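Visitor: Right, I'll just put the structure down here and ask away after.
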Amino acid sequence: MVVGSGPNGLVAAVTLARAGRRVLLLEAAGRFGGALRSGELTLPGRVHDFGATVMAMALASPAFRGLELKGVEFVHPPLPAAHPLDGRPAVLVHRDPVRTAAGLGRDARAWLATAGATARGGLPLVELLLKPLGPWGGLPLSAFAGAARFGAAALLPATTFARRAFRTTEARALLAGMAAHSVLDLRSPVSAGYGLLLASLAHLVGWPLVRGGSQVLADALVAELRALGGEAVTGHRVRRLSELRAPVVVLDVTPRQLLAMADHLPAAYRRRLERYRYGPGVFKLDWALDGPVPWRDPAVAGAGTVHLGGTLEEIALSEAEAAAGRVSPRPYVLVVQPYAADPARGGHTLWAYCHVPNGSRADRTAAVEAQIERYAPGFRDRVLARHAMGPAELEAFDANLVGGDISGGLSSLTQFLRRPVWSPAPWRTPLPGVFLCSAATPPGGGAHGMGGWQAARLALRP
Ligand SMILES: Cc1cc2nc3c(=O)[nH]c(=O)nc-3n(C[C@H](O)[C@H](O)[C@H](O)COP(=O)(O)OP(=O)(O)OC[C@H]3O[C@@H](n4cnc5c(N)ncnc54)[C@H](O)[C@@H]3O)c2cc1C
């Protein structure tokens, strides 16, 4: 039995069904997919992704590559990402690292020696990073050498790494925009690693979207489960583990929910789960527009993802505020313009979020729109309709988004491996036959399905 149908729950369900197990998947919401759901959030016919939209992790993930799902098409924008700056041309991230480096002036070689080198490590290196606790069978030695080199830089705070590796405002800002996806204070260890990994994925596999919306990926996984004889039910929230009668239970939930569901957790494990930390939340906005965003630098129009927030210093300040429990007057904003890759979404839609303190009730609409206006004057005139979700709305939409945390828990150095507890197999709980598979297990947040794959693999062990 699998509880929850985010990417991890769905991958767990399909992996178990492929191994010949009879699977029942129970989902609390009215639709499958968790944070992969899409829907008409603004105007009829406009398709918006509620949560995950950029599918670099899904495309690079061994869990998804092994499934070869039918009907899922990854579509690429002309550029994976862009980072506008005040009074100068935007920094553009091309699939080709050499073209990207060429836009970074004095930092061209440094870009190739850092993000470029991680990309040259290829998919085996990414696979190793997505499976930090193994199994590593079949991975070439070069992946381990690449990981050792990557690790030395990755462990650093993004601010330290960017200042050491780069001299230009452009390269430093670019790295900060990438690293801020971690939702960490950029002065904390390992934030550089998230930035480098994401930058290298832009070069290695691109930052695509799913044609028609991320829901298509979730629906394909459900269809695959059913084709294998599995059952999947929506509208069924599991409140207590004792409701479930099955030899194997895989839970796509985070520690706080497991604590509420389980009656008989050993006291030591319970205490360890209680110590698990959630990170800042997000304030998410979606717009229906009557045309493309009028970027001051027209090259930004080709980018799927746009990082707003200016220089390294400005982005670091914004992220430090969120981590310290304050809202930033000029937040770092992550924007996705789906129409750059996928016109099949009923018109021009825009997707964005900024980081806020966990559980914050602040309405960040004006601050986010001001950041877009800063680089795209006239943006507000294009808005036909908007839809906002703060932490409370996000958590009501998907109980795993605790306080608006989209990564299933803080992605700090300690919680990278101790996720949610320190163990060579943290997917296993002390309850016989009960496994955790959510983003609160390694390798953490992202639509990669690896937690589901790992939990199913353990559950299938004799
Ligand atoms: C706004 C936002 C933007 C994001 N952007 C990206 C992106 O662009 N790219 C990317 O790779 N990742 C992105 N992410 C992160 C990514 O979506 C998550 O890390 C990923 O979905 C986690 O998958 P999961 O299976 O662990 O949990 P979820 O996707 O959160 O799914 C959990 C599911 O379990 C169900 N559930 C929970 N409790 C119960 C219960 N008691 N009974 C029954 N069902 C239950 C929930 O209803 C939900 O459907 C984003 C997330 C959000 C919210």
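Visitor: Considering every residue within segment 61-70, establish whether at least one is near the ligand (Cβ under 8 Å from one of its atoms) and either at negative phi or assigned to a helix (DSSP H, G or I) (or both).
Guide: Of all residues in segment 61-70, those near the ligand (Cβ under 8 Å from one of its atoms) come to none.
No, segment 61-70 contains no residue that is near the ligand (Cβ under 8 Å from one of its atoms) and either at negative phi or assigned to a helix (DSSP H, G or I) (or both).
Visitor: Spot the failing condition for Phe379; the list is (1) among the aromatic types (Phe, Trp, Tyr); (2) within 16 Å of the ligand (Cβ to nearest atom); (3) under 19 Å from Ala352 (Cα atoms), and only one is missed.
Guide: (2)
Visitor: Which residue out of Val3, Val23 is within 7 Å of the ligand (Cβ to nearest atom), under 25 Å from Ser242 (Cβ atoms), in contact (Cβ under 8 Å) with a residue 60 or more places away in the chain and of a type in the set (Val, Ile, Thr)?
Guide: Values: Val23 fails: within 7 Å of the ligand (Cβ to nearest atom).
Only one candidate qualifies: Val3.
Visitor: On to the next question. Would you confirm whether any residue within segment 313-331 is within 13 Å of the ligand (Cβ to nearest atom) and outside any helix (DSSP H, G or I)? Break it down into steps so the answer makes sense when it comes.
Guide: First, the residues of segment 313-331 that are within 13 Å of the ligand (Cβ to nearest atom): none.
Within segment 313-331, not a single residue is within 13 Å of the ligand (Cβ to nearest atom) and outside any helix (DSSP H, G or I).
Visitor: Considering (1) outside any loop (DSSP other than H, G, I, E, B); (2) within 10 Å of the ligand (Cβ to nearest atom); (3) surrounded by fewer than 24 Cβ atoms within 10 Å (Cβ to Cβ), say which one Ala28 fails and leave the rest.
Guide: Condition (1) is where Ala28 drops out.
Visitor: Taking into account only those residues within segment 41-59 that are out of contact with any Phe, Trp or Tyr (no Cβ under 8 Å at 6 or more places or on another chain) and farther than 18 Å from Ala220 by Cβ, which is most open to solvent (accessible area, probe 1.4 Å)?
Guide: Within segment 41-59, the subset out of contact with any Phe, Trp or Tyr (no Cβ under 8 Å at 6 or more places or on another chain) is 43-47, 51-52, 57.
Checking the rest, the ones that are also farther than 18 Å from Ala220 by Cβ come to 43-46.
On the way: Leu43: 56, Pro44: 116, Gly45: 36, Arg46: 30 Å².
Once the filter is applied, the top-ranked residue is Pro44.
Visitor: Every residue in segment 242-255 that is crowded, with 19+ Cβ neighbours inside 10 Å and either in contact with a Phe, Trp or Tyr (Cβ under 9 Å, 6 or more places away or on another chain) or not in a loop (DSSP other than H, G, I, E, B) (or both), please. Reasoning before the result, please.
Guide: Restricting attention to segment 242-255, the residues satisfying the condition of being crowded, with 19+ Cβ neighbours inside 10 Å are 248-255.
Those that are crowded, with 19+ Cβ neighbours inside 10 Å and either in contact with a Phe, Trp or Tyr (Cβ under 9 Å, 6 or more places away or on another chain) or not in a loop (DSSP other than H, G, I, E, B) (or both): Val248, Val249, Val250, Leu251, Thr254, Pro255.
Visitor: Considering segment 37-57 alone, what residues qualify as being within 11 Å of the ligand (Cβ to nearest atom) and not in a loop (DSSP other than H, G, I, E, B)? Quick ask: steps written out before the conclusion?
Guide: Of segment 37-57, the ones within 11 Å of the ligand (Cβ to nearest atom) are 37, 48-57.
If the condition is that a residue be within 11 Å of the ligand (Cβ to nearest atom) and not in a loop (DSSP other than H, G, I, E, B), then His48, Asp49, Ala56, Met57 are the ones that fit.
Visitor: Got a sec? Which helices (runs of 4 or more DSSP H) wholly within segment 364-462 have at least 2 residues that are open to solvent by 10 Å² or more (accessible area, probe 1.4 Å) and touching a strand residue (DSSP E or B) at 6+ places or on another chain (Cβ under 9 Å)? Show your work before the answer.
Guide: Values: elements: 365-375, 391-397, 414-417, 450-460.
Correct list: 365-375, 391-397.
The values are calculated or read from the model by the stated rules, or taken from the named source; none is laboratory data. Bear in mind that the values here come from a model prediction, so they are computed numbers and not experimental data. As a convention, Cβ positions derive from the backbone with ideal geometry for all residues, glycine included, and neighbour counts pool all protein chains shown. All accessible areas refer to the heavy atoms of the entire protein, side chains included, with ligands and DNA or RNA removed. Shrake-Rupley method; radii C 1.70, N 1.55, O 1.52, S 1.80 Å.
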